[in-house]
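Reading through the structure tokens given below for one structure.
Read-outs: derived from the displayed coordinates by stated rules, not from any lab. What you are looking at is a predicted structure, and each value in this text was computed from that prediction instead of being measured. Because the Cβ atoms are built from the backbone with ideal geometry, glycine has one as well, and the counts that use them run over all protein chains shown.
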Amino acid sequence: MIIQNLESLISNSRTTTESNARRFMLELLDFGVKSVLPQNIVSKSVKLMKNVLCIQNFKIKLSQIENIYVVGAGKASGAMAEVLEQILGSRITAGLINIPKDTKDRYKTHVIQLNEAMHPIPSESGVLGAQKMIELVKQAKVNDLVIALFSGGGSALLTYPVNSIPLDDFNSLNRALIKSGATIQEINTVRKHCSQIAGGRLAQYGNPGQIVTLILSDVIDGSADAIASGPTVPDPTTFNQAMEILKKYQLWESTSPSIQHYIQNGVTGNVPETPKSADRIFRKSNVIILGDIKLACDSIKKFAHERGFKSQIYSSGITGDAHVEGKKFLQFVKSRCIKGERGKSKPLILIGGGETTVKVTGSGKGGRCQEMGLVLLSEFEQLSGIVFVAMGTDGIDGFTDAAGVIIDNYSAKLAKEKQLSIENYLNDNDSYQFFKELGDSLIFTGPTGTNVNDLMLFGIF
């Protein structure tokens, strides 16, 4: 079981019915995350048949390949590398993957080196790993193969700012973007235009070798250029867009002079743009998305059905403000109650997936899932028989050690008993402290080894 405090969360119920409802909702989350673990996905998608490497419908004759280099970064990349090495073994010439700090002991690789780096704020160790990857792929010749493994979290783990931008300046910008409410696509547009490795630049170093990029996606629309900031794929964004994004979120004036100067030079054409789709370096490049949030949602729907529950996917592409989207989802749930779903022989599970944003104006601590849970909790005092769960599939919700939350009618009544002001905690963006004091709702998993956005589920019992 991925959820470490499962029994504690289940015991926070007044009745057997409530306890069973909580257990099932947490089991659904657990199953959804397991369905997108790299160990499961890579082993199903990548096969070695005689001397042919088969990746879904894509095939590579290894008899025509002299050297295989493996590089990558992301919260799931360590597990991806482990499975790939089990499949290819000594056929791999060399490899290097940037993985989150304190996760190296989870994986067993011999040829592929694992380099620990920091997330979500980049570190010098991540930069060093990026530099070594560049030197590695530079060795690729025309008959060589570069396999790139990327997942969510790769942007921070594979940071390598241009020489004129100090890492501290880049990190200050990164923090400001995360708190601004900007989408991951917008954040990565800016990151790519301050980088020596993102936005297709790693592919430049790997030319003329063949490049195959395997992705576990944390981007809603599956745009490969936004996953890990697209080191090996064409970049459709521009310096001008990067500048406009910083201005849109009122960050341009406070951005460091080093970044302002570099982006301005890019806008005026004094700095080369990131590689685009017409660039010849991408003629021998292929991108394959192995899994995403839709796969997790579909797996949960099937699991619920097999357990005798009715299930429906509300949306696997939830984006936008956590407050707004949470209330929309709840309104949809209420409409199903009005239509008479409650009280029927089979409870209904409504499944949501995606990645919302939170505009941080307070000084508290929390995450997207916790914030959404706190927004919804104010309405749960009048909603018996409904359970809401939400968690980041990576096991990390915001800058906290919690993966997400579970709330029900009892949670709302307990908050009232403890005189915890939902409004005050929301105003300070302090959902984590609220739920910590509530002692009823925080879900803990630790790093799961995968990352495909967030899962948000309602159960009508």
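Looking at the range 98-250 only, what percent of DSSP beta bridges run antiparallel? Nearest 5 please.
10 percent
Relative to the Cα centre, what is the charge dipole magnitude of the range 342-461, using +1 at the beta carbon of each Lys and Arg, -1 at the beta carbon of each Asp and Glu, and rounding to the nearest 20 debye? Before the final figure, lay out the partial values.
On the way: 10 positive and 15 negative charges, 85 e Å.
Using Cβ point charges on Lys, Arg, Asp and Glu, the range 342-461 gives about 400 debye.
Sequence gap at least 6, Cα distance under 8 Å: using those rules, report the relative contact order of the chain to the nearest whole percent. Numbers along the way, then the final one.
Working: 1036 pairs, mean separation 75.0, N = 461.
Contact order relative to length: 16 percent.
Tell me which of 422, 337, 377 sits at the most positive position along the dipole axis of the range 327-461, charges placed on C-beta atoms (Lys, Arg +1; Asp, Glu -1).
It is 337, whose Cα lies furthest towards the positive end.
Report the charge-dipole magnitude of the range 232-355 in Debye, nearest 20, computed about the Cα centre from +1 at each Lys and Arg Cβ and -1 at each Asp and Glu Cβ. Before the final figure, lay out the partial values.
Details: 19 positive and 12 negative charges, 205 e Å.
Rounded to the nearest 20 debye, it is 980 debye.
Report, by chain and number, residues whose modeled amide H sits under 5 Å from the one on residue 72, excluding near sequence neighbours (fewer than 5 apart, same chain).
The answer is 96, 98, 149.
Among bridges DSSP assigns within the range 1-156, what percent are antiparallel (round to 5)? If you can, show how the numbers build up before the last one.
Working: 8 of 25 bridges.
Once the DSSP bridges in the range 1-156 are tallied, antiparallel ones form about 30 percent.
Of 295, 452, 305, whose Cα points farthest to the positive end of the dipole of the chain (charges on the beta-carbon: +1 Lys, Arg; -1 Asp, Glu; origin at the Cα centre)?
305
Which whole-number percent gives the relative contact order of the range 256-351, counting Cα pairs below 8 Å spaced six or more residues apart?
27 percent
Run through the range 47-147 and list the trypsin sites (Lys or Arg not before Pro) located in a DSSP loop whose Cβ has at most 12 other Cβ atoms within 10 Å.
Filter output for the range 47-147: 50, 108, 141.
Read phi for every residue in the range 298-310 and hand back ³J(HN,Hα) as whole Hz from Karplus 6.51 cos²θ - 1.76 cosθ + 1.60, θ = phi - 60°, with x for Gly and Pro.
For the range 298-310, the Karplus-derived couplings read 4, 5, 5, 4, 5, 4, 4, 4, 5, 8, x, 9, 6 Hz, x marking Gly and Pro.
Run lengths n ≥ 4 of DSSP H only: what is the helix-derived mean residue ellipticity at 222 nm for the chain, with -39500 (n - 2.57) per run over all residues, to the nearest 500?
Numbers: 17 runs with 178 residues, N = 461.
It lands at -11500 deg cm²/dmol.
Tell me, what ³J(HN,Hα) does each residue in the range 183-198 have, in order and in whole Hz, if you take phi through Karplus 6.51 cos²θ - 1.76 cosθ + 1.60 with θ = phi - 60° and put x for Gly and Pro?
Residue by residue, the range 183-198 yields 6, 5, 5, 5, 4, 5, 4, 5, 4, 4, 8, 10, 10, 9, 10, 7 Hz.
If you restrict to DSSP beta bridges whose two residues both lie in the chain, what percentage is antiparallel, to the nearest 5? Don't skip to the answer; put the middle values down first.
Values: 29 of 68 bridges.
Roughly 45 percent of the beta bridges in the chain run antiparallel, per DSSP.
With +1 assigned to the C-beta of every Lys and Arg and -1 to the C-beta of every Asp and Glu, and no other charges, what is the dipole magnitude of the chain about the Cα centre in debye, to the nearest 20? Numbers along the way, then the final one.
Numbers: 49 positive and 45 negative charges, 301 e Å.
Its charge dipole is roughly 1440 debye.
Let me have the relative contact order for the range 46-137, percent, based on Cα pairs under 8 Å that are six or more residues apart. Mind dumping the intermediate values first?
Working: 138 pairs, mean separation 20.9, N = 92.
With pairs under 8 Å counted, the relative contact order is 23 percent.
So for the range 109-215, taking the charge dipole from beta-carbon charges (+1 Lys/Arg, -1 Asp/Glu), which of 120, 199, 134 sits furthest toward the positive end?
Working it through, the farthest residue towards the positive pole turns out to be 199.
Under a 5 Å amide H to amide H cut-off, with H placed in plane at 1.01 Å, what residues pair with residue 320 once short-range neighbours are removed?
357
Rank by packing, highest mean first: peptides 186-193, 408-415, 347-354, 16-23, with packing defined as the count of other Cβ atoms within 10 Å averaged across residues.
Details: 186-193: 26.0, 408-415: 21.0, 347-354: 22.9, 16-23: 16.0.
Final packing ranking: 186-193, 347-354, 408-415, 16-23.
Quick query: amide H of residue 453 versus all other amide H atoms, modeled in the peptide plane; which residues come in under 5 Å with a sequence gap of 5 or more or a different chain?
Close amide H contacts, sequence-distant or interchain: 393.
Please list 374-385, 79-90 highest first by mean number of surrounding beta-carbon atoms within 10 Å per residue.
Values: 374-385: 18.7, 79-90: 20.2.
The packing order, highest mean first, is 79-90, 374-385.
Run the numbers for residue 264 and residue 139: contour at 0.36 nm per residue of separation, minus the present Cα-Cα distance, in nm.
On the way: separation 125, 0.36 × 125 = 45.00 nm, distance 3.31 nm.
Result: 41.7 nm gained on full extension.
Using the Karplus curve 6.51 cos²θ - 1.76 cosθ + 1.60 with θ = phi - 60°, work out ³J(HN,Hα) for each residue of the range 48-59 in order, rounded to whole Hz, and write x for Gly and Pro.
10, 10, 6, 10, 10, 8, 10, 10, 6, 9, 8, 10
Could you sort 416-425, 283-292 so that the peptide with the highest average Cβ count within 10 Å comes first and the rest follow in order?
Details: 416-425: 12.8, 283-292: 18.6.
Answer by packing, highest mean first, reads 283-292, 416-425.
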